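The values are calculated or read from the model by the stated rules, or taken from the named source; none is laboratory data. Please read these numbers as outputs of a predicted model, since none were measured by experiment. Note: ideal-geometry Cβ built from the backbone for every residue, glycine included; neighbour counts use all protein chains shown. SASA here: full protein model, heavy atoms, side chains in, ligands and nucleic acids out. Shrake-Rupley method; radii C 1.70, N 1.55, O 1.52, S 1.80 Å.
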Amino acid sequence: MGNSFWGADMVRESLRFLVVMAHPHDFTHVAGTCGIHTRLGDAVTWVGMTAGRMTHNERLADELMKPLEEQDPAIVNQSEDDYAAEKTVELRKVAALFGVEDVRVLKYTDKPYVVERQRESVDEIRDIILEIRPHIIFTQSPFIRGPHDLKTVANNDHTETGVAVMEAKLLAQLPRQGQRVAPYTTPMTYFPGVYFDQGQWDFTVDVTDFFEARVEAEALYRSQGHTPEYARRRVELTLGNAGMFAGVPYAEGFVQESAQVVSQITLSDYTLKKGTQTREDQINQVGGQRS
Ligand SMILES: [Zn+2]
């Protein structure tokens, strides 16, 4: 007996995705994959733990490098709230490029006070999980590591977000006195490959069709000082590097929280065709010429 997804009828169940990230720019790491799934008709919700008000204000940093009398008052006097609002507008525009309309930016603050992992914020994610009841969560890696395999104990918005989501998932599974909604177990969580070595990735998604959208998205983060030239170069190098690893032009890598139970072994089209592909086909595939 197979399940409906892989069963003989091959009916594809539509999926609900919940993406929880620390800062507005972090969504780019999974954006191409989100675009593929909204095109398939899947539901995708983006939840930003913070508006990134204390993160990547390169414009302010550069202005403060100047002598006082040369500083632009419009930049040095911009309030944190205005900067946060600017970033939220950018995030909504980025989300729209990938068909994501449900974008929520929570009120928590980022540096220097990482507060994601507080009872209130964990509870808020729990409530969102119970509302959306996602099949798949994308969130940041809750694992910490550092140079020479040393683990840091310093707070980091990304790790804190990953840990908060893990705690919230557990809380969503547990019944609470007085609640009227059924507890919920999220079947699968994937972490963006950018937080891991490529050899640790479980799979890569061919996001070549979303390359231009990724470039456009990167350039939209003007509050972080991004330029069109920087955007294209960055996406070419990062998605291109993942693509080179995967054998396609551009890819996004993922690490799974746990291995799936399957009714049978299946191989993706990309993996299957390795059996018959010529070396020329392989090179052309990375070069973007589809066979
Ligand atoms: Zn970030």
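In the elastic network of the chain, a GNM with C-alpha springs shorter than 10 Å, the most mobile of Thr276, Thr38, Thr208 is Thr276.
Expressed to the nearest 5 percent, the antiparallel share of DSSP beta bridges inside region 16-262 is 30 percent. Take every pair of alpha-carbon atoms less than 8 Å apart whose residues are at least six positions apart; their mean separation over the length of region 155-291 yields a relative contact order of 25 percent.
Its residue count N fixes a reference of 2.2 N^0.38 Å for region 89-244, and the Cα radius of gyration divided by that reference is 1.18. For the chain, the per residue solvent-accessible surface stands at 55 Å², with DNA, RNA and ligands left out and a 1.4 Å probe. Short-range pairs are left out: with C-alpha atoms under 8 Å and at least six residues apart, the relative contact order of region 16-262 is 23 percent.
For the chain, the spherically averaged projection of the C-alpha convex hull amounts to 19.2 nm².
In terms of its alpha-carbon gyration tensor, region 145-200 comes out prolate; a/c meets the 1.5 threshold, and the first ratio a/b outweighs b/c. For region 68-136, chymotrypsin sites (Phe, Trp or Tyr not before Pro) meeting the loop criterion (DSSP other than H, G, I, E, B) and having at most 14 other Cβ atoms within 10 Å: Tyr113. Over what distance in Å are the Cα centres of region 167-227 and region 93-111 separated? Going from one Cα centre to the other spans 12 Å.
Between Thr186, Gly162, Gln71, the Cα set farthest toward the positive side of the dipole of the chain (charges on each charged residue's Cβ, about the Cα centre) is that of Thr186. Simple spin-label estimate for Met188 and Ile144 gives 3.0 nm between the two label positions (7 Å along the Cα-to-Cβ direction from each Cα). The tail of the calculated P(r) for region 219-281 beyond 18 Å holds 60 percent of all Cα-Cα pairs. The loop-placed trypsin sites (Lys or Arg not before Pro) in region 98-181, going by DSSP, that have at most 16 neighbouring Cβ atoms within 10 Å of their Cβ come out as Arg145, Lys151, Arg176, Arg180. Within region 45-88, the proportion of Cα pairs with more than 13 Å between them is 57 percent.
Take 181-188, 64-71 and order them by the average number of nearby Cβ atoms within 10 Å per residue, most first; the result is 181-188, 64-71. Per-residue ellipticity at 222 nm, computed for the chain from helices alone with -39500 (n - 2.57) per DSSP H run of at least four residues, works out to -12000 deg cm²/dmol. Placing +1 on the Cβ of every Lys and Arg and -1 on the Cβ of every Asp and Glu, with no other charges, gives region 16-262 a dipole of roughly 760 debye about its Cα centre. Residues whose amide H comes within less than 5 Å of that of Arg104, counting only those at least five positions distant or on another chain, are Trp46, Val47, Gly48 (H built at 1.01 Å from N in the peptide plane). Does region 181-291 come out rounded, prolate or oblate by the C-alpha gyration tensor, with a ≥ b ≥ c the root eigenvalues, rounded set by a/c under 1.5 and, if not, prolate when a/b is larger than b/c and oblate if not? Here region 181-291 falls in the oblate category.
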